[in-house]
Amino acid sequence: MSPTGVGAAQRPGGRLDRLLTTAATAGIAIPNFWLGMMLIVLFAVQLGWFPGPGGVDLGEDPLGALHALVLPALALGLVGAAEICRQVRSAMIENLSADYVRTHRAMGLPHRSIVWRHALKNSSLPVATITGIQVSHLVGGAVVVEAVFGISGLGSLVVEATNQRDYVVIQAVVLLTALIVLATNLIVDISYRLLDPRIT
Amino acid sequence: MSVTLSRAVRTTPRRPAVVWFSYAVLAVVAVVVLLADLLAPHAPNEQNLTAILQSPSWQHPLGTDDLGRDVLSRMIHGTRVSILAAAWAVGIAVVVGFPLGVLTGYVRGVTDAAVMRVLDALMAFPALVLAIGITAMLGPDIMTAMTAVGVVLTPVIVRLARAQTMAITQQTYIEAARSFGARGARRMIIPHVVPNVVQPIVAQVAVLAGFALIAEASLSFVQLGVQPPTASWGTVLARSYTFLELAPWSTVVPGAAIALTVFSLNILGEEIQRMLDPRRR
């Protein structure tokens, strides 16, 4: 989703920018499980391009399982994509007005290289931060999206455990997801160093 | 600081159409919440087993569900339930989070460190998963579910209020007030600090309300929130999903209602923030 953010940042306040930021705000507002339903109605029921609800076992049919994962992944990913688009946009706007961009321009570097190689790289730090936060949202959203697509994952496990009052399983799932979030945040913190050598 | 706000409103350039659209959506939602009983053509739980899963018609503008209940009426009554549920969650977050944030930001030191470590731990849990965990412990019920959501949202308010308080207390006028002997909650925090912390919180509340709405729908969808037969956006959506292939239209409206309302709340939040941002005036 970075390209859309870069596109929007070219002319802040321009027509493309306003269109894309509105679209991104709309993307954030759509409940992911409802998006999943709409994708099922359109692509599984009407067009028949993808299998409907009911997961395919990864061991039996790896390709089929991947195929079946397209719709849930889309449903789950859109919100994050919209959020990242907004982050890239604001970071790019800031970077494109920075001194080093003017220097590059004075040196005669082509616009494309300035935008994609230099400004985008410097905009990646806030994107890393937001990606770390998104993981937490993704894990939470997966619970409901799994219910929509009938996938037996952590989400359906915790819902089932709740209905059976299986407290130990619930505790385990809650702790495990917290661990996933913590691990991702650790990776994000490490990646800061790689993205910006000035950070020690 | 109320002067700043009114001046900002007056000199703000023409608002884009999308902002007016959002205000209109929120106004419609507010009217529906207030006048649900007058607007709904049928009782929300009135069953008619001779007219199940009907397509939209004049009598049932959004069709009927698998028990012959009017989907439009259920949506209208569900709006009230969903909005109140979201308001409850955000209310808890503000009532607990705001004083805590101002206090930790003002006092700092050990209190601040202790409270922030607890909140850091709380924030490590994915919001929805933790809400499910809390709901599971206390039993599935909309009040406990939304209380759990409120607990999950609290750290957001605390952090914002704390950061704002810390920034405010560095200002010269606070120093001046202190030099006049203003101390404590009644002389210092309430008259001088709180008014300047409120504004960014208001913008955040709009955004959090959107999150709480989605949380209500999500939790109700997996049957941990609003319990059937009570109508809410989440339960209407959950019910209509079970007959998705027979009546796909009845899943469109509840979801679109959620998406539109959350979108409008986010735009409202952005607008408030824009009005308060002195650089964009």
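What's the number of the condition A:Arg86 fails, among (1) open to solvent by 30 Å² or more (accessible area, probe 1.4 Å); (2) away from chain B (no Cβ under 14 Å)?
Checking A:Arg86 against (1) open to solvent by 30 Å² or more (accessible area, probe 1.4 Å); (2) away from chain B (no Cβ under 14 Å), the one that fails is (2).
Can you tell me which residue is nearest to B:Leu213 (Cα to Cα) among those in segment B:257-275 that are more than 8 Å from chain A (Cβ to nearest Cβ) and over 13 Å from the mean Cα position of the chain (by Cα)?
Within segment B:257-275, the match that is nearest to B:Leu213 (Cα to Cα) is B:Ala257.
Name the pairs whose Cβ atoms lie under 6 Å apart, with the first residue in segment B:119-147 and closer than 14 Å to B:Ala89 by Cα, the second surrounded by fewer than 23 Cβ atoms within 10 Å (Cβ to Cβ) and among the hydroxyl-bearing types (Ser, Thr, Tyr), and 6 or more positions between them or separate chains?
So the pair list comes out as B:Thr135/B:Thr144.
Filter segment B:53-81 for residues that are under 20 Å from B:Thr230 (Cβ atoms) and either open to solvent by 60 Å² or more (accessible area, probe 1.4 Å) or part of a strand (DSSP E or B) (or both) and give the result.
Result: B:Thr64, B:Asp70, B:Arg80.
Just for helices (runs of 4 or more DSSP H) wholly inside segment B:107-212: which have at least 1 residues that are within 12 Å of chain A (Cβ to nearest Cβ) and over 30 Å from B:Gln223 (Cβ atoms)?
B:109-124
Go through A:Ala98, A:Ala26, A:Ala73 for me and flag whichever is within 18 Å of the chain's Cα centre (by Cα) and closer than 30 Å to B:Glu271 by Cα.
A:Ala26
Which ones in segment A:143-152 are under 25 Å from A:Ala29 (Cβ atoms), open to solvent by 20 Å² or more (accessible area, probe 1.4 Å) and more than 7 Å from chain B (Cβ to nearest Cβ)?
Result: A:Glu146, A:Ile151.
Determine, yes or no, whether B:Val90 is touching a residue at least 24 places away in the same chain (Cβ under 8 Å), of a type in the set (A, V, I, L, M, F, W, C) and surrounded by fewer than 22 Cβ atoms within 10 Å (Cβ to Cβ).
no
Taking segment A:20-35, which residues are out of contact with any Leu (no Cβ under 7 Å at 6 or more places or on another chain) and either over 27 Å from A:Val88 (Cα atoms) or more than 8 Å from chain B (Cβ to nearest Cβ) (or both)?
Scanning segment A:20-35 gives A:Leu20, A:Thr21, A:Ala23, A:Ala24.
Quick one: in segment B:223-255, of everything that is over 17 Å from B:Leu62 (Cβ atoms) and open to solvent by less than 10 Å² (accessible area, probe 1.4 Å), which residue is nearest to the other protein chains (Cβ to nearest Cβ)?
B:Leu224
I'd like to verify a number: residues in segment A:91-126 that are more than 23 Å from A:Ser191 (Cβ to Cβ), open to solvent by less than 50 Å² (accessible area, probe 1.4 Å) and small (Gly, Ala, Ser), how many?
Matching residues across segment A:91-126 total 1.
Test of understanding: among A:Ile130, A:Ile151, which residue is within 19 Å of A:Leu35 (Cα to Cα) and at pLDDT below 85?
None of the others qualify; the one that does is A:Ile151.
The values are calculated or read from the model by the stated rules, or taken from the named source; none is laboratory data. Nothing here was measured: the structure is a model prediction, and the numbers come from that model. As a convention, Cβ positions derive from the backbone with ideal geometry for all residues, glycine included, and neighbour counts pool all protein chains shown. Calculation scope for accessible area: heavy atoms of the full protein, side chains included, ligands and nucleic acids excluded. Shrake-Rupley method; radii C 1.70, N 1.55, O 1.52, S 1.80 Å.
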